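Undergrad: Before we start, here is the structure in question, set down as structure tokens.
Please treat every number below as a calculation from the coordinates, not as lab data. Model, not experiment: these values are computed from the prediction. Backbone-built Cβ (ideal geometry, glycine too); neighbour counts: all protein chains shown.
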Amino acid sequence: MTTPPSGNPYATPVPQAVPNPYAQPGGYPQTAGVPQQAGPYGYPAQQGHPWYAAYQGHPQPPAPTCMFCAGAPAVHVTFRAHRGILVLMTFGKQSGMMCATCGLAVYRELTTRTLWQGWWSPFSLFLFTPFTVLHNLVVARKVKKLQPPAPGQHGPQVDPGVPVHRRPLAYVAFVPVLWVLFMIVTGLAQGS
């Protein structure tokens, strides 16, 4: 015997003899005496279904790895470089997943390159080079927070070399800074 559901006169009648197994507390049929384990995607495991065996050994998605050495952990970062040439300017960047060691190497290389090549145009001197150096400093903090990859679990890494403050080319930045200070002092001396 079937009865139409209430509220919708055009609905298909639901047979009374077939119980709804999902109407039980918890939303899934319970197996007597067998505790429910979490299956794929957080739903309770259904041992009676044929797809259950296929997903038993389903691997987890791999952790992100470094684009240079395939080491983990890695984080997606973008380091920038800038070069000012009188009226011309060039912008560069290196973007991708990087581990702590390779990311530090890219940061040091591009920041050093910006410090010695980035000051030689008016817009570069006051706007683009300081922004690029500050941007790289902020992004480098993300890389420095990472643990180094475990030995034997990565390929050849990029050599980070010496820190930026120990690279002679980084001190070329003092030339335009001293020039600007000289111009300010000269302007103030002539104005008084």
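Undergrad: Can you tell me which condition Met98 does not meet? The list is (1) touching a His at 6+ places or on another chain (Cβ under 7 Å); (2) surrounded by 23 or more Cβ atoms within 10 Å (Cβ to Cβ), and all the others hold.
TA: Against the list (1) touching a His at 6+ places or on another chain (Cβ under 7 Å); (2) surrounded by 23 or more Cβ atoms within 10 Å (Cβ to Cβ), Met98 comes up short only on (1).
Every residue, every condition in (1) under 19 Å from Leu169 (Cβ atoms); (2) touching a Lys or Arg at 6+ places or on another chain (Cβ under 6 Å), yes or no:
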| residue | (1), (2) |
| --- | --- |
| Ala100 | no, no |
| Tyr107 | yes, no |
| Thr114 | yes, no |
| Gln117 | yes, yes |
| Thr132 | yes, yes |
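Undergrad: Check segment 127-136 and report whether any residue there is surrounded by 16 or more Cβ atoms within 10 Å (Cβ to Cβ), touching a residue at least 60 places away in the same chain (Cβ under 8 Å) and touching a strand residue (DSSP E or B) at 6+ places or on another chain (Cβ under 8 Å).
TA: No - not one qualifying residue is present in segment 127-136.
Undergrad: Can I ask one more? Report every pair of residues separated by at least 6 positions or lying on different chains whose Cβ atoms are under 7 Å apart, first residue within segment 159-170 and touching a residue at least 40 places away in the same chain (Cβ under 8 Å), second part of a helix (DSSP H, G or I) and β-branched (Val, Ile, Thr).
TA: Close Cβ pairs satisfying both conditions: Pro160/Thr101; Val164/Thr111; Val164/Thr112; Arg167/Thr112; Leu169/Thr112; Ala170/Thr112; Ala170/Val164.
Undergrad: Give the residues of segment 137-157 that are crowded, with 19+ Cβ neighbours inside 10 Å and out of contact with any strand residue (DSSP E or B) (no Cβ under 9 Å at 6 or more places or on another chain), sorted by residue number.
TA: Pro149, His154, Gln157
Undergrad: Next up: Considering only segment 162-183, state which residues are assigned to a helix (DSSP H, G or I) and under 30 Å from Thr101 (Cβ atoms).
TA: Listed by number, the residues that qualify are Val164, His165, Arg166, Pro168, Leu169, Ala170, Tyr171, Val172, Ala173, Phe174.
Undergrad: For Ala105, state whether it is under 20 Å from Pro64 (Cα atoms), surrounded by fewer than 17 Cβ atoms within 10 Å (Cβ to Cβ) and of a type in the set (A, V, I, L, M).
TA: no
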